[in-house]
1. Which residue out of B:V199, B:V142 is away from chain A (no Cβ under 14 Å), more than 18 Å from the chain's Cα centre (by Cα) and surrounded by fewer than 23 Cβ atoms within 10 Å (Cβ to Cβ)?
2. From the residues in the stretch C:103-121 that are under 16 Å from the mean Cα position of the chain (by Cα) and not hydrophobic (A, V, I, L, M, F, W, C), which one is nearest to the other protein chains (Cβ to nearest Cβ)?
3. Give me a count of the residues in the stretch A:234-273 that are away from chain B (no Cβ under 13 Å), farther than 30 Å from A:T284 by Cα and buried (at least 24 other Cβ atoms within 10 Å of the Cβ).
4. Test C:D198 against the stated conditions and say whether it is buried (at least 23 other Cβ atoms within 10 Å of the Cβ), among the acidic types (D, E), touching a residue at least 60 places away in the same chain (Cβ under 8 Å) and within 13 Å of chain B (Cβ to nearest Cβ).
5. Out of the residues in the stretch B:104-134 that are under 16 Å from A:L341 (Cβ atoms) and among the polar types (S, T, N, Q), which is farthest from the other protein chains (Cβ to nearest Cβ)?
6. Give the stretch B:19-39 a look and list any residue that's crowded, with 17+ Cβ neighbours inside 10 Å and assigned to a helix (DSSP H, G or I), or say none.
7. Show me the helices (runs of 4 or more DSSP H) entirely contained within the stretch C:200-313 in which 2 or more residues are of a type outside the set (S, T, N, Q) and under 22 Å from C:Q146 (Cβ atoms).
Amino acid sequence: MPEGAGPGLRSGQAEPASPARVGLAERLTEQRYRLFPDHVVGEILAKGWVDNATPFAFLLIVLALFGSLIPDFFSGASLVASARQLGEFGCVVIGQTIVLVGGGIDLSVGSSFALGNIVALMCINLAGLPAWAAFGCTLAASGAVGLLNGVLVGYLRLRAFLTTLVTLIIVRAVVDVLLLHEAVPISMGNSNSAVWDWLGDATVAGVPFSLIVWLVLIVGGHIILSRTRPGWHVMAVGGSRRSAHNAGISVRRTVCATYVIAGLLTGLSAFLFAARLGSTGSETGSGLELSVLTAAILGGNSLGGGRGSMAKALMGSITVLAITNGVVRLGLHAGAGPLVLGLFLLLAIVVDVRWLKNRHKILSKVYISPAYQRLAPPASAAADAGTPYAMNDKLADVEVLGLDRVDGPEDVIFDRNDHMYTGSRHGDIHRFLAPDYTRHEVFAHIGGFPLGMAFDRDDNLLVCVGGMGLYRVRPDRVVEKVTDETNRSRLSINDDTRLRLADDLDIAPDGKIYFSEATTRYEMNTWPVDALEARGNGRLICYDPARGSTRTILRGLRFPNGICLAHDGQSFLFAQTWACSISRYWIAGPKAGTTELVIANLPGHPDNINRASDGTYWLALVGMRSPVVDLSLRMPGFRRRMARRVAADEWLYPNINIGCVVKIDDGGQVLDALWDRHGRNHPMITSMREHRGYLYLGGILNNRVGRYRIPGADPDWTGIGSYWGARA
Amino acid sequence: MSRNLNQERIVLAITILLFAFFALTLPGFLTVQNVLTLLRSVSVLGILGVGMAIVVVGRGIDLAIVAIMAVSVALTLDQSAHGVPLGLATLMGFGFAVGCGVVSGLLIAYAEVPAIFATLAMAAIIAGFGQSRLLSLSEIYVTPASEPLGWIGTGRVLGVPSPVLILAAVALAGFVLLRATKLGRFIYAIGDNPRAAHVTGVPVRPIIVLQFALSAITAFLAGLITATSVSSMNTRIVDSTLIYDIILVVVIGGIGLSGGKGGIRNVIVGTLLIGVLQNGMTILDTPYDEQSIIKSVILLFAIVADSIVNPRDEQTAQQGDI
Amino acid sequence: MRLRHFLTALAAFGLTLAAASAQTADQYKGKTVAFVPVALGYDLEDGWSAILKHQADKLGYTYEVRNPNLNSDVGAQAISQLITEKPTVLVIQNPDVQVYSRLIKKAEKAGIHVIQINMKSVAPSDYFVGADYVQLGQQAADMMVQKCGAGSGKSGKIAIVQGVLTAAASVLQMQGIDAVLSKHPDIKVVSNQAADWDSSKARAIMQTVVQQNPDLCGVVGFWDSMDVGTGSAIREAGKAAQVFLVTSGGGSDTACTNIDNGTFGAELSYDVPRQGSDMNKDILAAMTAGPAPDADKVTQITPLKVLSKETIGTTGCWTLKQLQAAAG
């Protein structure tokens, strides 16, 4: 600690001897932003399940309303009576939901239900079939209607609305003809099936059988829709039919399947209904398509596809049934039922439309939630300031390599054969061939944005890929995923298991890979916005190849960026860009597992750290601090107002255009600084790598790699050698 | 070939073929009296179809048209039966119809609720409100007090039943509105692309409200014909499949539910097909229920034929167009 | 004159009430009568309901009505619900013979007295009040034989417009009609279809039938509210004078109006005020019968009245307003 923090603090706070006076108001602000987690609001709104908020609210309102108007609305016996009906109704709603999710609509369910009902009764009461055979016939009848719809809409690609409208009429007419001939015999007939009689009044442990069937279907449907390939196909087809088609999904078969499923579920429901009431009439199932559609839509499923879930079907079914039954129980006049149902449907849709329209607007306004941060004034970097950072022009004449051949070389690294590797914005890793680095090739294509790189003991190139995670490129160019997820933090609302922005890595002597993830709240294309928050959104993660496990070791870091194994192999140095500090994480020795501050209050935002040949380290400062940004960090309210009211292009960002390379030692002492004062070749530097007496410079927004001859450096020193020794 | 064979022509061809077939094989089909009966039987459907077409062309749909028809006319009959002067009662019914249409329109245009849901909910609300608050019974009968309206449904001019004449007048008015007025052009523009129409300066929202008001007016008219020819208005007609028949008449003739396509001619073609089918089968002594099977199977063939002749392209099909 | 008829009915009420008031009024406090009709909004059901409510208000017990609105699933749900609430008496109008049968048994087992009104279920209950539909069908068929049969010089072609096919009213009435027509081969049924109590459907069916059979002689309709549609189709075709329509119903002013204007030839009426007072008597009996429902089944058959141009002058019709006013 005395070696670590002391000099660091000295170098940082040498200039502003008197700590700035902090007023009471600012202290209150600090506490308020420390205690109240503003970012939670935005993260909740960004969650998928928030979509269910309005239907859920409606469900609660409906239940509360009828619960208060009707005594014993929630009594056990009364619930059992409703639950039986709910199970039957709910099955049809599940079918409709699946069709809606797939981008269709099925209006024929009412007729299909009536057909299933009469077929079941004919089987039982007239043909005297056993219950299982009747069940098969019923499913076959309703499934056939579904298949007809499926073939017409899926394979012949007719319009779903019109087609199912016509099948609604056809099947209804068929049912009417059947009724004319069979209704009276059916009503006079009797079943001699014990199973059938049991089904009509069945409960399992006090719960009606149909409700159990329904709940099983809901759970199963949820798993299929959200966790399996067929379910994803349905979602994909509903979300964008064209993209699904182009992605190779059999759109026609998928669409057809949704209608068949809807038909089968309708048949199941009709069978349970027939067992319960044992009667058939022309009014059976009429208007069912409307109440089913109402339930599906009230639950929040979108017409037109792609947005829907079993949870929505569940909520919609309960809401609609509570309303219809509640109104009947209130004993209101004819028409009151539809009136109330219609009003609720209208209200729900108005709210839902507003919600869908404004959700992303609200989200974009509240997602950015700045926190409080106070940085002491930094050491001056003025040319005549006399500080180690003083501006010079040492980089003015750097040699330029690979100009316009690379786009965004965040990091640069060399293999044992002196070939140079860099990433590019297009998802490639380029290799510039030694000795003159004029010839170049695409070494491997990864896909994401390659950021920090390191070679392991076996000459595999390990790469942090923005948006993808940690990857390995073998010498034979095979790209392998190392890890793309870590353990989830217990209390975070954002699911932080996936790696969003793995930034830089280094490898411990035992082979464990330590890497930084800059932020868990933003993606590769929005990372600068993280600077506005100045909250510890980042973390340090360790991948253990021996066990294949990935664990988060440090959380709450302010944009952790460069990470470098110290020369003695006992600790890692890592930079926090927005905190303007360098810290050390011990992996061995008496302090293993602890963290200490090495340099606080840098004059710029630190990026990558790499070893230097003389036992010290190179540190890139991607941009220099400005007093305005420093002041704004102490005013979170100001930054929040800015993010809400000002166009994103006009926001106040930290400077990430003008920076330098500094040299630091293990104690945190700043030894030297390298500048391109006029900004001709290398104004922006995110990384630098020493190799055989030269320093190679990378920059995430640059179109080149710079090469600077280090005066007096060991011309044989290589990074890979310093880690893994000379080649065996 | 496929360019010439659109759905309208396929349906027209089927209609003409059926007409010719029935005329040759069925005695008593091709008589003036029977053709008038044929037209008369589908006049209400045709009038409602015209109202629906105006809405559908503008990329909407009015599922409340039957509810408006039933409740507004029942209101008129009920009020006149309870002593309100017939003129005032008629005005009340008319005002109620237009009011309902305007409310639907406002919900769709200003609250931006999709038309299918706004009108679905409005249908339930109008029917429910009518049955539970406005009307004394589910079925309202024509009483002597409202007898003067009788000619609307039962009158004849030069031997032609008045419903047929009213259908002709409504169709003509709809045709002129859509083809010859600025408003009509605007409706097509909105149906084609509402956003583009809005950007171009078309007053999209007021026109949407107006469309629904117009369809409500045709509903009231159709309701008067229905009520006066049956001598009652049964509000349970809301629960029947009439609304589906209306949509079929509109769509079968070739008006796309995605808007901007087709016109009154398509409605007439669709209506004639239904009329010829119904009438022919009646003469063939087909029972009522079997008629609807045959009718709907032929409708299904018409749309299948269209999709085979004009297949939808996976790459250019509109997302969410059901 | 219609009023006089109505007053007679009221007098019948009065008698019941006088008998009832001999007992203590408190006896009925806290008891409940629930009514589940096929649908409200028709003169028939609204008429029954008004009479049931009238006695409830007088004697201080609770009266509730649940409206399934022609949907038997909703009705079944309402009855299941009522069974859990345990009213003293449950009045049920069955939409068909099968659908509520299980629930009726269940209700009686739960100790609820069930009165079935007019349309029976296959499950018998303690009380039944209603018309004898077999007899009603026979009378209607007899009229057809008389108007269109061999001696009349007419074609002998008749049509039948049923309600919901599986409703007791349709099933039993058809039995009656079949029994008569089997003895009269001169009568030919050219159409026998179901209009499901819906006047628009009845009208659509009849339009077709009249067109197919220009020499139609008579029609038997199964319910007056529905047959307004049947009649208007006949009138529309200009056959009102030729086709004789006999229907049946509760005998409200609708019937009289339509008989007056010639839409109906005759109506066989099962007198709603009479049925209402019969039900009220049963309710009182059930309430005083103690906890367990009687094993004996009580059946009260409503005598039929023939309403026609000739008779409406004397018997008259009731209006809902009168019943409601009396109840109010």
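The values are calculated or read from the model by the stated rules, or taken from the named source; none is laboratory data. Just so it is clear, the structure is predicted and the values come from calculations on it, not from any experiment. For neighbour counting, all protein chains shown are included, and Cβ atoms are generated from backbone atoms with ideal geometry for every residue, glycine included.
1. B:V199
2. So, considering only residues that are under 16 Å from the mean Cα position of the chain (by Cα) and not hydrophobic (A, V, I, L, M, F, W, C), the one nearest to the other protein chains (Cβ to nearest Cβ) is C:S121.
3. Here the count works out to 1.
4. So C:D198 does not fit the description; no.
5. B:T119
6. Correct list: B:F19, B:F22, B:N34, B:V35, B:T37, B:L38, B:L39.
7. C:224-236, C:253-260
Conditions tested, residue by residue: (1) crowded, with 20+ Cβ neighbours inside 10 Å; (2) on the phi < 0 side of the Ramachandran plot; (3) within 14 Å of chain A (Cβ to nearest Cβ).
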position: C:A123; (1), (2), (3): no, yes, yes
position: C:D126; (1), (2), (3): yes, yes, no
position: C:L136; (1), (2), (3): yes, yes, no
position: C:A141; (1), (2), (3): yes, yes, no
position: C:C148; (1), (2), (3): yes, yes, no
position: C:I158; (1), (2), (3): yes, yes, no
position: C:A179; (1), (2), (3): no, yes, no
position: C:S182; (1), (2), (3): no, yes, no
position: C:R203; (1), (2), (3): yes, yes, no
